[in-house]
1. So which residues in segment 85-110 are surrounded by fewer than 15 Cβ atoms within 10 Å (Cβ to Cβ), assigned to a loop (DSSP other than H, G, I, E, B) and not β-branched (Val, Ile, Thr)?
2. Would you check if LEU59 is without any contact (Cβ under 8 Å) to a residue 40 or more places away in the chain and not assigned by TED's automatic domain parsing to the domain that holds LYS167?
3. Which of the residues that make up segment 192-229 are surrounded by fewer than 16 Cβ atoms within 10 Å (Cβ to Cβ) and in contact (Cβ under 8 Å) with a residue 60 or more places away in the chain?
4. Regarding segment 169-180, can at least one residue be identified that is exposed (fewer than 10 other Cβ atoms within 10 Å of the Cβ) and modelled with pLDDT under 85?
5. Those residues that are polar (S, T, N, Q), modelled with pLDDT of 90 or more and under 20 Å from the mean Cα position of the chain (by Cα), I need them from segment 1-37; list them, please.
6. Can you tell me which residue in segment 38-78 is surrounded by the fewest Cβ atoms within 10 Å (Cβ to Cβ), limited to those that are of a type in the set (Ser, Thr, Tyr) and under 14 Å from the mean Cα position of the chain (by Cα)?
7. Taking the condition of being assigned to a helix (DSSP H, G or I) and out of contact with any strand residue (DSSP E or B) (no Cβ under 9 Å at 6 or more places or on another chain), how many residues in segment 164-198 meet it?
8. Could you identify the single residue in ASP55, ASP21, ASP35 that is of a type in the set (Asp, Glu), assigned to a loop (DSSP other than H, G, I, E, B) and farther than 26 Å from LYS165 by Cα?
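The values are calculated or read from the model by the stated rules, or taken from the named source; none is laboratory data. Everything numeric in this text was worked out from a predicted model, so none of it was measured. Here the Cβ is made from the backbone with ideal geometry for all residues, glycine too, and neighbour counts use every protein chain on show.
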Amino acid sequence: MKYITYLRISTNETKQVYGIDAQRATVMAHIKANDGELVAEFIDHESGRKTSIEDRPQLHDAMALVKSTPDCKLLLAKTDRVARDLHFISGLLKDNVPLIVAGHEHMTKLEWHMHAMIAEHEADMISQRTKLALEQAKARGVILGAPRDQIQRISKLGGIATHNKSKQYREKIMPLINQLLDDPQYLRRGNKHTPHLEKMADRLHELGMRSAQNKRITKSTIYALLNRK
């Protein structure tokens with residue numbers, strides 16, 4: 001059996017008990033125990049709540065590779081490494097993405113859903129504890145948020161980060177759109193210079209592509225990309 005491993009941490013590795021090295025040791029032990037072969041390793045440094053291509057590019061690259069590699073599975077150290085989002089994990093199972101958790105080579109869909117529910121519940125509890133801690137700090141008189149003299153600089157940096165993510169997404173998807181533009185079946189009948197945006201959107205959805213906001217791609221999405229300077 002071939003394996004593609006996916007590892008994820010949400011903060012600096014040194015601050016997490018179950019960091020990249022620990023996850024790598026877990027998945028490699030599973031591969032060895034099952035006489036498997038490591039095809040590739042992918043790593044993301046992002047929250048499990050975020051699942052878009054822009055936030056988790058390595059995850060989406062790993063899923064694309066595992067789908068195109070015969071007799072291959074996507075191996076995780078723990079369920080929550082792929083996501084802390086029940087809806088997202090359910091979607092992967094529905095699409096028959098071959099997910100495996102180390103030590104559980106043959107988990108059923110029911111078991112996957114149970115693990116996913118626990119992972120999402122843990123995320124909710126973390127969020128509640130964080131909110132409570134902030135409320136308690138505020139009650140003690142702690143001033144939350146960035147210093148006023150830094151707000152403008154931080155806002156500018158946030159705008160730059162958003163712009164860069166948008167640029168990266170466009171660079172990733174435009175080659176696919178350009179390929180469709182070169183295919184006559186995606187041009188409107190009677191007008192070889194006008195693309196059929198709805199057909200293009202449906203085709204990109206079939207390929208597993210999502211919008212920059214991790215939603216289904218529509219003709220409006222493509223129109224905006226084609227007209228963005």
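1. ASP95, ASN96, GLY103, GLU105, HIS106
2. When the stated conditions are applied, LEU59 does not pass them.
3. Correct list: GLY208, GLN213, ASN214.
4. Yes, the conditions are met somewhere in segment 169-180.
5. Once the filter is applied, which keeps residues that are polar (S, T, N, Q), modelled with pLDDT of 90 or more and under 20 Å from the mean Cα position of the chain (by Cα), segment 1-37 yields THR5, GLN23.
6. SER47
7. Selection size over segment 164-198: 19.
8. Exactly one of ASP55, ASP21, ASP35 is of a type in the set (Asp, Glu), assigned to a loop (DSSP other than H, G, I, E, B) and farther than 26 Å from LYS165 by Cα, namely ASP35.
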